[in-house]
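Chemist: Input: one structure, supplied below.
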Amino acid sequence: MVWPAAVARLLVSWQATPSSTRADRAVARWLSEQLGERAWSAAGLGAAPDIDQRQRHIVMLEQELAEKRGELEERAEELEAARAANRS
C-alpha cells in the first residue's frame, strides 16, 4: 500500500513543522483517523460498516421499549384502581 505510507510520511512532516497552523493540525488529525480506519479495516479488526447503524437502531428500540413499559405500568395502575372502585 503506497498511499498510506505516503500519507504517514506527510503526517510526520506536518507534525515536525513548528509553524503548522490549527487547520494543518486538523487536516493531519483527519488524515490520521482515515489512515487508522483503513488499517484496522484491512487487518480485519474493524467493525462491519453497518454496526453503527444497528447500534443506533438498538438504542432507539430500547428507548421505545422503556416507553411502552411505562405506558403498560400506568395502564395496570389505572386498571387496578378501576377494579378497586368497582369492588366498593
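The values are calculated or read from the model by the stated rules, or taken from the named source; none is laboratory data. Model, not experiment: these values are computed from the prediction. Ideal geometry is used to build each Cβ from the backbone, glycine not excepted, and the neighbour counts take in all protein chains shown.
Chemist: Can Gln53 be described as outside the structural domain of Ala5 (by TED's automatic domain parsing) and at pLDDT below 90?
Modeler: Spelling it out, Gln53 is indeed outside the structural domain of Ala5 (by TED's automatic domain parsing) and at pLDDT below 90.
Chemist: Which members of region 30-41 meet the condition of being at pLDDT 75 or above, surrounded by 12 or more Cβ atoms within 10 Å (Cβ to Cβ) and not hydroxyl-bearing (Ser, Thr, Tyr)? Reasoning before the result, please.
Modeler: Quick first cut of region 30-41, residues at pLDDT 75 or above only: 30-39.
Remaining after also requiring surrounded by 12 or more Cβ atoms within 10 Å (Cβ to Cβ): 31-32, 34-36, 38-39.
Those that are at pLDDT 75 or above, surrounded by 12 or more Cβ atoms within 10 Å (Cβ to Cβ) and not hydroxyl-bearing (Ser, Thr, Tyr): Leu31, Gln34, Leu35, Gly36, Arg38, Ala39.
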